[in-house]
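Structure first, then comments.
Readers should treat all values here as calculations from the given coordinates under stated rules, not as data from a laboratory. What you see is a predicted model; the values in this text were computed from it and never measured. Using ideal geometry, Cβ is built from the backbone for each residue, glycine included, and neighbour counts are taken over all protein chains shown.
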Amino acid sequence: MSIELALPTTHLFTPVSLGPLTLPNRIIIAPMCQYSAEDGCATDWHMIHLGHLALGGAGLLILEATAISPQGRITPADLGLYSDDNEAALARVLAAIRRYSPIQIAIQLAHAGRKASCEAPWAGGAQITPDAPSGWRPEAPSAIPHNPQDAPPTALDSAGLARVRDDFVRAAQRAVRLGLNGIELHGAHGYLLHEFLSPLANRRDDRYGGSLENRLRFPLEVFDAVRNAVPPEIPVWIRVSASDWVADGWDIDGTVALAQELRARGCAAIHVSSGGVSPDQSIPIGPGYQVPFARQVKAATGLPTIAVGLITEPDQAEAIVAGGDADAVSLARAMLWDPRWAWHAAARLGAQLAAPKQYLRCQPSGLRKLFGP
């Protein structure tokens, strides 16, 4: 007689729904800029990088911050989704992933705002001046540069706001044509939508500045426009910075107010990060340092909540979801260091997951069965 021992229950490897999208587990690969595109087009680097990550067993892969317009790129080498060429290049990468991996894939749509026109981080990350061959003048809520030495951005007028909204919509429609499973709007890290939220970057005196209600207005208009432009089976959610980590800046109370408005509009989830809008920020970085923000948003709104920020260990991730701090965890640097993080987490926690048939013999002997049928 043979006896099969039941695997212990883990929360990390149970399904979770982001609106209409159900993920097989609660491990998300966070969007990570690669600064390796050509005129906004994905390259062979993206084929290698994303293909590698897609085989690791996570429940969701979110593509890096993808510019909705040339002006919205952080660097000249940012990925974009604003042209037919961009769409075709990304389609090639996605087709290869789809052939070999069942992973759900979302895209983060972004506009860099006043942090646009910069060098790649490995080239120093400084702003490229508007008159340089590879530079352009950024656009933002107000004509206030991110760094004092930077060229001031152009403050968006009503026509500019309408153009940016339309650019988000067009990029979202391209994402739907590409067969992507979800759309994340980038409202964090000091980029355009976050700039509208933060009183440190938004000094407007019109209906888009001043009061909290006014500062929420443009990000909510962008969300509404995208949500209304894509089919209901495509979830739309937002990544936010819960705090600027600067006195008198954007904070958790504003984040909760934003999340409540988003829930009423059909937002599928909220991805809770922090910082990025000011070089004066002072962040108490440590393991899981942003998780308390995710917990506060989840408790106040009931929205499916994704925690991110120095989540590196399987037991740590399990405790976050088991304890109700968040519904899912998002990993970035840990995934670059260990693209098979989800495999190793499953082995540690006694769970099973799917793996490519080409890799089925890689499991070390003596390890409890890791790969499911």
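What is the fewest-to-most order of Thr66, Thr129 by other Cβ atoms lying within 10 Å of their Cβ?
Thr129, Thr66
Gap in Å between the Cα centre of the stretch 249-285 and the Cα centre of the stretch 119-151?
First find each Cα centre; the distance between them is then 24 Å.
Give the dimensionless ratio obtained when the Cα radius of gyration of the stretch 164-209 is divided by 2.2 N^0.38 Å.
Rounded to two decimals, the normalised Rg is 1.44.
How compact is the stretch 1-128 by the rule of thumb for globular proteins, expressed as Cα Rg over 2.2 N^0.38 Å?
So the stretch 1-128 has a normalised radius of gyration of 1.29.
How fast does the stretch 16-362 diffuse by Stokes-Einstein, in µm²/s, taking the Kirkwood radius from C-alpha pairs at 10 °C and 1.306 mPa s?
79
Please tell me the relative contact order of the chain in percent, rounded to the nearest whole number, where contacts are Cα pairs under 8 Å and at least six residues apart.
The normalised contact order for the chain reaches 17 percent.
Applying the Karplus parametrisation 6.51 cos²θ - 1.76 cosθ + 1.60 with θ = phi - 60° to the phi angles of the stretch 37-44, what ³J(HN,Hα) value in whole Hz is obtained for each residue in order, glycine and proline being reported as x?
My calculation for the stretch 37-44 gives 8, 10, 6, x, 8, 4, 10, 4 Hz in order.
Quick one: Arg207, Arg227, fewest Cβ neighbours within 10 Å first, how do they rank?
Fewest to most other Cβ atoms nearby, the residues stand as Arg207, Arg227.
Largest first and to the nearest Å, give the Cα extent of the stretch 92-219 along each principal axis.
50, 38, 22
For every helix of n ≥ 4 consecutive DSSP H residues, a contribution of -39,500 (n - 2.57) applies; sum these over the chain, divide by its total residues, and give [θ] at 222 nm rounded to the nearest 500 deg cm²/dmol.
Mean residue ellipticity, 222 nm, calculated: -10000 deg cm²/dmol.
When the expected Rg is taken as 2.2 N^0.38 Å, what fraction or multiple of it is the alpha-carbon Rg of the stretch 146-296?
1.05
May I ask what percent, to the nearest 5, of DSSP beta bridges between residues of the chain are antiparallel?
10
From the residues Met47, Gln71, Tyr82, which one has its Cα farthest along the dipole of the stretch 8-164 in the positive direction, the dipole being from +1 and -1 charges on Cβ of Lys/Arg and Asp/Glu about the Cα centre?
Of the listed residues, the answer is Met47.
Taking θ as phi - 60°, what are the ³J(HN,Hα) couplings along the stretch 90-105 by the Karplus curve (6.51, -1.76, 1.60), each to the nearest whole Hz, with x for Gly and Pro?
Karplus values, whole Hz, x for Gly and Pro: 6, 4, 4, 5, 5, 4, 5, 5, 4, 5, 10, 9, x, 4, 6, 10.
Could you list log10 I(q)/I(0) for the stretch 279-373 at q = 0.13 Å⁻¹, which the Debye formula gives when each Cα is one point scatterer?
Those come out to -0.55, one per q.
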